[in-house]
């Protein structure tokens, strides 16, 4: 099924720097109640001009390991596998929820790499129109009920696309910063969790961990 999703990536963006999926074939091979979405790939489109969406698609198709996750198996900035930046945070949340990262479909709302978020926002509508059909297919074919969004912008854009405007739950950090994570629902019973970004919030610290909020929702849905 992985290939059928990748076939939906428009040819007109495949020459651009970026990536599509952060999980391997196992995560996209059967039903999944949860889908993990960041905003867009990090890094520099100039320095990583050769890391195109097209080459990323080819690598995903050629990868021999079915059980694979960029959050577990990739070396980021030369660090140990799965040990840099937000990788341990993602592992923490998914495993606390009872999932293995290799079995959770993961991607970004937008596949194109930009220098910063302002550059992304300048192309917002066009890029969403190009990338969202892939997410629609994943959500519908895998039966996704909850989209986990990394950061406020990703959550807001997914809320807009799924028309998730009914507030369900909120977690406020119990530290001096007091950042919040929220969950909204749409009329079809799909949920969007807008979470603090794991590159800025330490989810492994109970004062900043939105995982219990997500766990409670999954439990109420009979998923945990």
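A short reminder: the numbers here are calculations on the coordinates, not readings from a lab. A quick note: this is a predicted structure, and the numbers were derived from the prediction, not measured. In this analysis, Cβ positions are derived from the backbone assuming ideal geometry, glycine residues included, and neighbour counts consider all displayed protein chains.
Annotations for the structure displayed:
- DSSP finds beta bridges in the chain, and of those with both partners inside it, around 55 percent are antiparallel.
- Segment residue 44-residue 160, length gained on full extension (0.36 nm per residue, minus Cα span): 39.0 nm
- Measuring how big the stretch 100-224 is from its alpha-carbon positions, Rg and Dmax come out at 14.8, 42 Å.
- Relative to the longest principal axis of the Cα atoms of the chain, the long axis of helix 124-142 lies at roughly 70 degrees.
- Using R0 = 30 Å, the C-beta based FRET efficiency linking residue 11 and residue 65 works out to 0.65.
- Percent RCO, i.e. relative contact order, over the stretch 92-224, from Cα pairs under 8 Å lying at least 6 residues apart: 23
- Based on C-alpha pairs under 8 angstrom that are at least 6 apart in sequence, the chain has a relative contact order of 23 percent.
- Of the peptides 21-28, 121-128, the ranking by mean beta-carbon count within 10 Å, highest at the top, reads 21-28, 121-128.
- Fully extended contour minus Cα-Cα distance, from residue 118 to residue 1, at 0.36 nm per residue: 38.8 nm
- Shape of the stretch 101-143, Cα gyration tensor, a/c cut at 1.5: oblate
- Peptides 184-194, 60-70 ranked from most to least packed by the mean count of surrounding Cβ atoms within 10 Å: 184-194, 60-70.
- Kirkwood hydrodynamic radius over Cα pairs of the chain, then Stokes diffusion coefficient at 4 °C and 1.567 mPa s, in µm²/s: 74
- Sites residue 74 and residue 179, calculated FRET efficiency, Cβ-Cβ separation with R0 41 Å, nearest 0.05: 0.95
- Taking a ≥ b ≥ c as the square roots of the eigenvalues of the Cα gyration tensor, the stretch 1-99 is oblate, since a/c reaches 1.5 or more and a/b is not larger than b/c.
- Extension gain, residue 137-residue 84: 0.36 nm per intervening residue step, less the Cα-Cα distance, totals 16.0 nm.
- Sum of -39500 (n - 2.57) over DSSP H runs of 4+, divided by residues of the chain (222 nm, nearest 500): -9500 deg cm²/dmol
- Crossing angle, helix 53-62 versus the chain [Cα axis fit, 0-90 degrees, rounded to tens]: 90
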